[in-house]
1. Report whether or not residue 180 is assigned to a helix (DSSP H, G or I) and farther than 19 Å from residue 301 by Cα.
2. Of the residues 322, 298, which single one is buried (at least 24 other Cβ atoms within 10 Å of the Cβ), touching a residue at least 40 places away in the same chain (Cβ under 8 Å) and in a helix (DSSP H, G or I)?
3. Which of the residues spanning the range 1-30 are farther than 16 Å from residue 107 by Cβ, part of a helix (DSSP H, G or I) and out of contact with any helix residue (DSSP H, G or I) (no Cβ under 7 Å at 6 or more places or on another chain)?
4. Kindly indicate whether residue 34 is over 23 Å from residue 270 (Cα atoms), over 20 Å from the mean Cα position of the chain (by Cα) and surrounded by fewer than 15 Cβ atoms within 10 Å (Cβ to Cβ).
5. Does residue 57 satisfy the criteria of being within 30 Å of residue 129 (Cα to Cα), in contact (Cβ under 8 Å) with a residue 24 or more places away in the chain and surrounded by fewer than 18 Cβ atoms within 10 Å (Cβ to Cβ)?
6. Report whether or not residue 227 is in a helix (DSSP H, G or I) and closer than 30 Å to residue 58 by Cα.
7. Do you know which residues across the range 212-255 are modelled with pLDDT of 85 or more and over 26 Å from residue 164 (Cβ atoms)?
8. Are there any pairs, at least 6 apart or on different chains, whose C-beta atoms fall under 9 Å, with the first in the range 214-240 and touching a residue at least 40 places away in the same chain (Cβ under 8 Å) and the second surrounded by fewer than 21 Cβ atoms within 10 Å (Cβ to Cβ) and in a loop (DSSP other than H, G, I, E, B), and if so, which?
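The values are calculated or read from the model by the stated rules, or taken from the named source; none is laboratory data. Treat the numbers as computed from the prediction; the structure is a model and nothing was measured. Cβ placement follows ideal geometry from the backbone for every residue including glycine, while neighbour counts extend to all protein chains displayed.
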């Protein structure tokens, strides 16, 4: 995004996603699934997921950045809300290939919208970042470091490992565990797939409110306290989930409400802390590394929860483990507050 431009990279990512999803409908072997969906779709969605919102918010907004970041992050939940129930019905009625074509068509619409409307920076439209009163009084921001050059000083900071480690747990407890395994866990207790997809959509509905509110709170409250609260509440809901599953779909609606409010709420305060510690000009690339830990945690949880279900006969151990890890992440922000203060590291990275 720093070197090639925001708009160009998003267009390339969407084009890659469209081609890969369409090719998936023609696959006939396992290696094609790994290539088309695992590598190509994974790469395309990775470009347009966590880091995109952070870069847009930092470039285009001086004020209310947390609120904007919360609203952009909630777009992930909006996608769940809009697509999951309909895709589940398509799969049930017409087969999975029809659902894949629907996803490709939606990505094509997004491609056209980005082509027509997106620009790299507000200066491209003759505008200032929102809330910037006098651009003459501001010094020109330094160019962001490359990915490796930014990582080398960052890994020496305890703050990086607190943020990256907590985001590893965040990915494990959301995309990896609940996003991948809630529907099979519901199926284990007799809840149909379409109804289980509806539960994920309900989480998306409440996450729109929760993540937007989190962005608003990030502009007003200490980020480390918000993250402590979010991870503790998420951990409690995961520890309680096996009991909730045992009482059928009606009890799960309460889990969907409570958990949904916290689904992506960790993003705005994490981005804010990243910018505070490492400087705004390098926040995007450092947050890219932190986001990579999020996806590593998601992939590990997706695999390990499946192994636990196969070997132990239920998901209970996976849910309890994720809940415990969320408690550890929460207390890391409470106990590691000194490491999260603005450091000389931001100045050091600027000099580099």
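1. Numbers: assigned to a helix (DSSP H, G or I): yes; farther than 19 Å from residue 301 by Cα: no.
Considered against the rule, which asks whether it is assigned to a helix (DSSP H, G or I) and farther than 19 Å from residue 301 by Cα, residue 180 comes out as no.
2. Working: 298 fails: buried (at least 24 other Cβ atoms within 10 Å of the Cβ).
Matching residue, one of 322, 298: 322.
3. Within the range 1-30, 8, 30 qualify.
4. Values: over 23 Å from residue 270 (Cα atoms): yes; over 20 Å from the mean Cα position of the chain (by Cα): yes; surrounded by fewer than 15 Cβ atoms within 10 Å (Cβ to Cβ): yes.
When the stated conditions are applied, residue 34 passes them.
5. Values: within 30 Å of residue 129 (Cα to Cα): yes; in contact (Cβ under 8 Å) with a residue 24 or more places away in the chain: yes; surrounded by fewer than 18 Cβ atoms within 10 Å (Cβ to Cβ): no.
So residue 57 fails the test.
6. Working: in a helix (DSSP H, G or I): yes; closer than 30 Å to residue 58 by Cα: yes.
Criteria met by residue 227.
7. Within the range 212-255, 240, 242, 243, 244, 245, 255 qualify.
8. Cβ pairs passing all conditions: 215/64; 216/64; 219/63; 219/64; 224/336.
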